[in-house]
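Input: a single structure, listed below in structure tokens.
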There are 2 protein chains.
Amino acid sequence: MIFGKVALIGMGLIASSLAHATKWKGLAGEVAGYDRDPEVRRIAAEIGLVDTVCDSLSDVVRDADLVMLCVPVGVMGAVAAEIAPHLKQGAILSDTGSVKQAVVEAVAPHVPQGVHFIPGHPLAGTEQSGPRSGFATLFVNRWWLLTPSETTDPQALAKLRAYLEGLEANVDTMDAPHHDITLAVTSHCPHLIAYTMVGVADHVRRVSHQEIIKYSASGFRDFTRIAASDPTMWRDVFLTNKEATLDILGRFAEELFVLQRAIRTGDGEMLHDYFTRTRAIRRGIIDAGQDTDAPDFGRVSKQAGE
Amino acid sequence: MIFGKVALIGMGLIASSLAHATKWKGLAGEVAGYDRDPEVRRIAAEIGLVDTVCDSLSDVVRDADLVMLCVPVGVMGAVAAEIAPHLKQGAILSDTGSVKQAVVEAVAPHVPQGVHFIPGHPLAGTEQSGPRSGFATLFVNRWWLLTPSETTDPQALAKLRAYLEGLEANVDTMDAPHHDITLAVTSHCPHLIAYTMVGVADHVRRVSHQEIIKYSASGFRDFTRIAASDPTMWRDVFLTNKEATLDILGRFAEELFVLQRAIRTGDGEMLHDYFTRTRAIRRGIIDAGQDTDAPDFGRVSKQAGE
């Protein structure tokens, strides 16, 4: 056991997975949870998601040794302000937001002396949301990034790290600005682009919705999966990681125009070279154990007769 | 058995899957295969991919009742010209190219009287290629689009359809131009965009390649999968479906700029609405049985302790 009481604020996919994983691994004496939506609290109680479902922010954080803010980035500041007077001395306060600089700016001013604020971000998730969507193995072999500052207490950091490693996550630390540009490349821009492509398909009049859905297996469906993620979470990501996202999107548009021009002018050599280079990056991801080598994500069954 | 002899030209992913599936379902008396690469022919013989590995185009099509062109779109015309004098009267000639108008233009002029040319396109595949990558169930419950013309012989069409349905594919027919715009939306543009995003990531200096690979699970890796597909095949797709692809890419760039502007001006309501609409399309794809509802394509294991 690493913590006496763990408090989870917001009971969506990440918090419900944390609840399952913390119990599975025996990392806390008690897991308490709060969500501002009474229906989510009712479901959490019904399925026994946490030991204690609390009806207020002050209740859930009382005596907690670890408080995890698992709410959209846009409301982190308001929640931090409300819980601040009720945090226990020596407690660790962390979060699971996809953007880090904005969270630091919103939360840090409210953190009382004697409470250790260590922002974090688990690179794990699915396109599903809500208190029923969590599962214990979500973080296994996935990265959990922490962005401590120069003044972060090393003992608190070690304790949080031990808890996350107890969930079988891999922990890395970096500064918040570097986190935000890295995620703009690997996550935020890919998501915006997927949303855009799905939106375009929705507008094309010459191809019916029914046809797009029927024939989606040829590439489009992979885009719709990531474009089905939680809208509130993603709105907040783009509004709070504006600078890095717009930087990468600008480069993307530039690059897209270069490829469009190669298509228009019939420059097959340029296209072939480009498509060959991108293959190598895929190989690197598989070799690093960050995805399956099974064709089509293992979605296809190779057994005849199944 | 539907055909006496089936001839497969080009022994990559699609042809090798056709070979396995045709044998699995007992749809032909003999399956013969040819590839212009001697190494591919050697591997095909070694693994017993087809009944007969032929060393020339004239040999493979001789006496064949069905000839399948499974080569990149850019070489369809040259192959058709070479096989034309050797095709059996009454034979069906089809292809598996991802673009249809360009294939019709390249192949049709070479087709002799008495041979039934019916272009086709299986919406199935993985990011892998080569004679070892095929498997018998690749086409199960996937669409196989045929683009017959007004003069196509109904009996030949019925026979080809029976063969494809024997592979457990779902067969639809449409005209070639409509095929090409539909696939531009559902397949060609999503692939180009994935290639572009992977290319951008490759160029960003502030984030190392190692970091991009390490942290790819947060969205980027889905793009790298489709950007790992065969470069020659995709070069030919874009060069031969130029008009439809550029039309859709133009709309995509327009739409992307609208979203970029919403991010820049902080228009959270617009972003939230947009991201909510795209969720509905995903739901339609799952309801239509074209993808799994399992989170993250079922890539995650939900069993604790595995």
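The values are calculated or read from the model by the stated rules, or taken from the named source; none is laboratory data. Not measured: the values here are computed from a predicted model. Quick reminder, even Gly has a Cβ in these numbers, built from the backbone with ideal geometry, and neighbours come from all protein chains shown.
Any residue that is within 14 Å of another protein chain (Cβ to nearest Cβ) and at pLDDT 95 or above - is there at least one of those in region B:85-92? Looking through region B:85-92, none of the residues is within 14 Å of another protein chain (Cβ to nearest Cβ) and at pLDDT 95 or above. Applying the set (1) under 21 Å from the mean Cα position of the chain (by Cα); (2) within 20 Å of A:Asp273 (Cβ to Cβ) to B:Ala201 leaves exactly one unmet item: (1).
Residues being buried (at least 18 other Cβ atoms within 10 Å of the Cβ) and under 30 Å from B:Met174 (Cβ atoms) are represented in region A:187-194 by at least one member. If you take the residues in region B:90-106 that are crowded, with 23+ Cβ neighbours inside 10 Å and of a type in the set (D, E, K, R), which one is nearest to B:Val60 (Cα to Cα)? Step by step, filter region B:90-106, then rank; the result is B:Asp95.
Per-residue answers, yes or no, for (1) over 17 Å from A:Gly199 (Cβ atoms); (2) part of a helix (DSSP H, G or I); (3) more than 7 Å from chain A (Cβ to nearest Cβ); (4) among the aromatic types (Phe, Trp, Tyr):
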| position | (1), (2), (3), (4) |
| --- | --- |
| B:Leu183 | yes, yes, no, no |
| B:His191 | yes, yes, no, no |
| B:Ala194 | no, yes, yes, no |
| B:Arg206 | yes, no, no, no |
| B:Ile212 | yes, yes, no, no |
| B:Asp222 | yes, yes, no, no |
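With respect to (1) surrounded by fewer than 23 Cβ atoms within 10 Å (Cβ to Cβ); (2) more than 7 Å from chain A (Cβ to nearest Cβ), the lone exception for B:Ser229 is condition (1).
Of the set (1) surrounded by fewer than 24 Cβ atoms within 10 Å (Cβ to Cβ); (2) over 27 Å from the mean Cα position of the chain (by Cα); (3) on the phi < 0 side of the Ramachandran plot, all apply to A:Tyr215 but (1). For region A:249-266, does any single residue satisfy the condition of being on the phi < 0 side of the Ramachandran plot, surrounded by 16 or more Cβ atoms within 10 Å (Cβ to Cβ), in contact (Cβ under 8 Å) with a residue 24 or more places away in the chain and part of a helix (DSSP H, G or I)? Checked against the condition, which is being on the phi < 0 side of the Ramachandran plot, surrounded by 16 or more Cβ atoms within 10 Å (Cβ to Cβ), in contact (Cβ under 8 Å) with a residue 24 or more places away in the chain and part of a helix (DSSP H, G or I), region A:249-266 yields at least one hit. Can we say B:Arg62 is in contact with a helix residue (DSSP H, G or I) (Cβ under 8 Å, 6 or more places away or on another chain), farther than 22 Å from B:Pro122 by Cβ, at pLDDT 95 or above and among the basic types (Lys, Arg)? Judged against the criteria, B:Arg62 is a match.
Of all residues in region B:7-23, those that are in a helix (DSSP H, G or I) have Cβ atoms under 6 Å from Cβ atoms of residues that are among the polar types (S, T, N, Q), 6 or more apart or on another chain, in B:Leu13/B:Ser129; B:Leu13/B:Ser133; B:Ile14/B:Thr96.
Might you let me know whether region B:268-275 holds any residue that is in contact with a helix residue (DSSP H, G or I) (Cβ under 6 Å, 6 or more places away or on another chain), among the small types (Gly, Ala, Ser) and at pLDDT below 90? Taking every residue of region B:268-275 in turn, none turns out to be in contact with a helix residue (DSSP H, G or I) (Cβ under 6 Å, 6 or more places away or on another chain), among the small types (Gly, Ala, Ser) and at pLDDT below 90. The residue list B:Thr52, B:Thr96 contains one member that is without any contact (Cβ under 8 Å) to a residue 24 or more places away in the chain and in contact with a strand residue (DSSP E or B) (Cβ under 9 Å, 6 or more places away or on another chain), which is B:Thr52. A:Arg161 fails exactly one of the following numbered conditions: (1) part of a loop (DSSP other than H, G, I, E, B); (2) out of contact with any Phe, Trp or Tyr (no Cβ under 6 Å at 6 or more places or on another chain). What is the number of that condition? With respect to (1) part of a loop (DSSP other than H, G, I, E, B); (2) out of contact with any Phe, Trp or Tyr (no Cβ under 6 Å at 6 or more places or on another chain), A:Arg161 is out only on (1).
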